[in-house]
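*Asks:* One structure follows; several queries about it will come next.
Derivation of every value follows stated rules applied to the coordinates shown; laboratory data play no part. Source: prediction; values computed, not measured. When we count neighbours, we look across all protein chains shown, and the Cβ atoms used for this are built from the backbone with ideal geometry, even at glycine.
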Amino acid sequence: MITTGLLGGSFNPAHGAHRSVSLFAIDALALDEFWWLVSPGNPLKAGAKDMAPLHARLASARKMARRSTIRPTAIERQLGTRYTYDTLLKLVRRYPKRQFVWIMGADNLAQFHRWKDWRKIARLLPIAVISRPGYDDDAFAAPAMAWLRRFVHPASQRGNWTNWSTPALTFLRYRPDPRSATAIRMARPHWHQQYDDRRVRDAVTHRLIGPED
Ligand SMILES: Nc1ncnc2c1ncn2[C@@H]1O[C@H](COP(=O)(O)OP(=O)(O)OP(=O)(O)O)[C@@H](O)[C@H]1O
Ligand SMILES: O=C(O)c1ccc[n+]([C@@H]2O[C@H](COP(=O)([O-])O)[C@@H](O)[C@H]2O)c1
């Protein structure tokens with residue numbers, strides 16, 4: 001089995017914390033691969049005016065992942081999915097030789113109960129939640145935790161995650177990293193203009209290909 005971490009996100013734009021939490025998760029869970037799923041559109045952010053086009057967000061992810069083993073993808077565009085459960089179901093079926101783990105920051109756990117089929121997501125694959133400054137208390141008290149709490153594995157057992165039966169959830173403590181895409185957009189609202197060149201757009205669009213086995 002190829003152990004593969006999945007980090008879904010808007011990446012609007014990708015930033016250093018995406019990279020550092022990913023490298024941390026690769027190490028903490030001894031992952032063979034790590035894919036970023038750059039979302040065509042987070043269902044809970046539909047209509048967000050400051051959402052840059054997918055090609056710009058994917059280009060920023062490629063830049064941020066340079067010289068690392070992280071593989072930025074627009075696999076949801078390929079699969080025609082938008083909801084995470086639909087994506088994960090297709091990935092699990094399409095890649096039977098892979099063992100996936102869903103990675104998310106504590107802010108996502110706080111909202112997890114609003115995701116479509118979130119219990120089914122937890123039944124499909126293990127979940128690792130990475131601490132994020134300002135969100136850890138909310139995550140522990142998250143509505144979804146009322147159900148997920150009984151499936152929590154202590155971080156000390158994380159080396160054994162491939163043997164966990166699902167649902168399974170673990171918390172990965174990480175040095176607080178305050179970086180966020182919101183802060184970047186506030187400082188540089190036009191960050192995506194650097195990717196507006198037609199050649200860049202076409203190059204990225206033509207490479208909207210997910211990892212292949
Ligand atoms: N500083 C961070 N610490 C821990 N996890 C993070 C951090 N930044 C992003 N993540 C996680 O990375 C994934 C993708 O995040 P996303 O693309 O939404 O970035 P963001 O900085 O949270 O964006 P925004 O500020 O626009 O909400 C999510 O699971 C998120 O929790
Ligand atoms: O499936 C859902 O209902 C759902 C609702 C909200 C967010 N998500 C996913 O959560 C991931 C993080 O999104 P974001 O915008 O916070 O970076 C990304 O992969 C989204 O597609 C998924």
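*Asks:* Could you work out the equivalent-ellipsoid semi-axes for region 83-133, taking the square root of 5 times each eigenvalue of the Cα gyration tensor, largest first, in whole Å? Working shown, then result.
*Replies:* Working: eigenvalues 84, 34, 11 Å².
Over the Cα atoms of region 83-133, the semi-axes work out to 20, 13, 7 Å.
*Asks:* From Cα coordinates alone, what are the radius of gyration and Dmax values for region 90-213 in angstrom?
*Replies:* Using the Cα atoms of region 90-213, the pair Rg, Dmax is 17.9, 51 Å.
*Asks:* Right, something else. Once you keep just the Cα pairs under 8 angstrom separated by 6 or more residues, what percentage relative contact order results for the chain?
*Replies:* Relative contact order, the chain: 26 percent.
*Asks:* While we're here: With no solvent and one point per C-alpha, what does the Debye sum give as log10 I(q)/I(0) for the chain at q = 0.10, 0.15, 0.16 Å⁻¹?
*Replies:* -0.41, -0.97, -1.12
*Asks:* For region 1-62, what is the Kirkwood estimate of the hydrodynamic radius, computed as the reciprocal of the mean inverse distance between distinct Cα atoms, to one decimal in Å? If you can, show how the numbers build up before the last one.
*Replies:* Numbers: mean 1/r = 0.0801 Å⁻¹.
Result for region 1-62 stands at 12.5 Å.
*Asks:* Say the dipole of the chain comes from +1 at the beta carbon of Lys and Arg and -1 at that of Asp and Glu; which of 169, 36, 151 then lies farthest toward its positive end?
*Replies:* In the chain, that residue is 36.
*Asks:* To continue, here is another question. With +1 on the Cβ of every Lys and Arg and -1 on the Cβ of every Asp and Glu, and nothing else charged, how large is the dipole of the chain about its Cα centre, in debye rounded to the nearest 20?
*Replies:* On the way: 34 positive and 17 negative charges, 64 e Å.
Dipole magnitude for the chain comes out near 300 debye.
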